[in-house]
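J.: Next up is a structure, given as structure tokens.
The values are calculated or read from the model by the stated rules, or taken from the named source; none is laboratory data. Remember, it's a predicted structure, so these values are computed and weren't measured experimentally. Backbone-built Cβ (ideal geometry, glycine too); neighbour counts: all protein chains shown.
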Amino acid sequence: MKTEHMKSEQEYYVDIHCHCLPAVDDGPITMSESLSLCRALADDCITDVIATPHQLGRFSDCNEAAQIRDQVAALNEELESNGISLNVVPGGDVRLDERMCRLIEADKVLTLADGGKYVLLELPHEVFIDIETLLVELSSLDIRAIISHPERHPIIARRPRVLLKWLEQSAYLQVTSASLLGDFGTLAQKAAWHFLNLGWVSFVATDAHDLDGRSPCMKAAFGSICARLGGAMARLVCIENPLRVLEGRDVLSARSMSTRKWIYERVPSNS
Ligand SMILES: [Fe+2]
């Protein structure tokens, strides 16, 4: 890690979900584009990023763990030689798949920061699938699922109650920084704030892909959370918990910071 987080006036962030590797998915195509995105991440006060290229789903036949590790090493070399202060570690944005546990054990699918403790789980957005069985299987391997951007899943955003069972099974939620700012529409924005307000969210991450429509905006999201829910919540979901994933430590709960009860509440009907 290159910077001591929360030490100075300026806050620094760890991004646990980012598509910054070149030519592996729908992120940057060239190394030059990748370096531009990494420069933007560093400018956004991100010191460490977990590269999470898509795995499984439409990327089933590529992006295996060994390849991603090599590409992360190559990107870190380029960052160093281009004077960009950003530390990249391997991970995956893993599409829901019944083979997931087997593929993790076979070292084909990556856990976050390659630490064997957390997997970033991407649900298909066009249908609703109950992941209860997968969560049990992951638990048997001592792995916790971090569900990526549930606020952008239209069915979950309208029926947040479905998340309760998974949360009680010890899954974590990660919302996208841009969702909080409204870049994914009103439904996603309201759902993201609703989940945060309930203390259901453990992480905010960029899910950045490029510098056009999917650029990083951690600083803006952090400021917005500070203004609405206070600095303690903002630091927990943008700094402390992401750092804990990077270092393979246990995640802290946001529930105690929520002013709302740990119960089902509907997203306001005007969403
Ligand atoms: Fe992603």
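J.: Using the structure shown, decide if I225 is surrounded by 22 or more Cβ atoms within 10 Å (Cβ to Cβ) and of a type outside the set (G, A, S).
T.: yes
J.: Let me ask something else. Would you confirm whether any residue within segment 251-263 is crowded, with 24+ Cβ neighbours inside 10 Å, away from the ligand (no atom under 16 Å from the Cβ) and at pLDDT 95 or above?
T.: no
J.: Follow-up question, since we're still on this one. Out of D26, D48, report the one residue that is within 16 Å of the ligand (Cβ to nearest atom), within 21 Å of the chain's Cα centre (by Cα) and outside any helix (DSSP H, G or I).
T.: Details: D48 fails: within 16 Å of the ligand (Cβ to nearest atom).
Just one listed residue meets the conditions, D26.
J.: Let me ask you something else. Can you tell me which residues in segment 129-157 are in a helix (DSSP H, G or I), within 16 Å of the ligand (Cβ to nearest atom) and in contact (Cβ under 8 Å) with a residue 40 or more places away in the chain?
T.: P150, E151, listed by residue number.
J.: Another question about this same structure. Taking segment 160-182, which residues are free of Cβ contacts under 8 Å to residues at least 12 places away in the same chain and not in a helix (DSSP H, G or I)?
T.: Quick first cut of segment 160-182, residues free of Cβ contacts under 8 Å to residues at least 12 places away in the same chain only: 168, 182.
Of everything in segment 160-182, just one residue is free of Cβ contacts under 8 Å to residues at least 12 places away in the same chain and not in a helix (DSSP H, G or I), namely G182.
J.: Can you list residue pairs whose Cβ atoms sit under 6 Å apart, with the first residue in segment 103-121 being farther than 12 Å from A65 by Cα and the second being assigned to a helix (DSSP H, G or I)? Count only pairs 6 or more apart in sequence or on different chains.
T.: Filtered contacts from segment 103-121: Y118/L112; Y118/V245; L120/L112.
J.: Let me ask you something else. Would a scan of segment 71-80 turn up a residue that is in a loop (DSSP other than H, G, I, E, B) and surrounded by fewer than 18 Cβ atoms within 10 Å (Cβ to Cβ)? Even if it seems obvious, please write down each step before you answer.
T.: Within segment 71-80, the first condition is being in a loop (DSSP other than H, G, I, E, B), and the residues that meet it are none.
No, segment 71-80 contains no residue that is in a loop (DSSP other than H, G, I, E, B) and surrounded by fewer than 18 Cβ atoms within 10 Å (Cβ to Cβ).
J.: Name the one entry in D61, D26, D48 that is under 26 Å from Y172 (Cα atoms), of a type in the set (D, E, K, R) and either surrounded by 24 or more Cβ atoms within 10 Å (Cβ to Cβ) or modelled with pLDDT under 95 (or both). Outline the logic, then answer.
T.: Numbers: D61 fails: under 26 Å from Y172 (Cα atoms); D48 fails: either surrounded by 24 or more Cβ atoms within 10 Å (Cβ to Cβ) or modelled with pLDDT under 95 (or both).
So the residue among D61, D26, D48 that is under 26 Å from Y172 (Cα atoms), of a type in the set (D, E, K, R) and either surrounded by 24 or more Cβ atoms within 10 Å (Cβ to Cβ) or modelled with pLDDT under 95 (or both) is D26.
J.: Another question about this same structure. Kindly indicate whether N63 is touching a strand residue (DSSP E or B) at 6+ places or on another chain (Cβ under 8 Å) and on the phi > 0 side of the Ramachandran plot.
T.: Working: touching a strand residue (DSSP E or B) at 6+ places or on another chain (Cβ under 8 Å): yes; on the phi > 0 side of the Ramachandran plot: yes.
Here the answer is yes, as N63 does meet what is asked.
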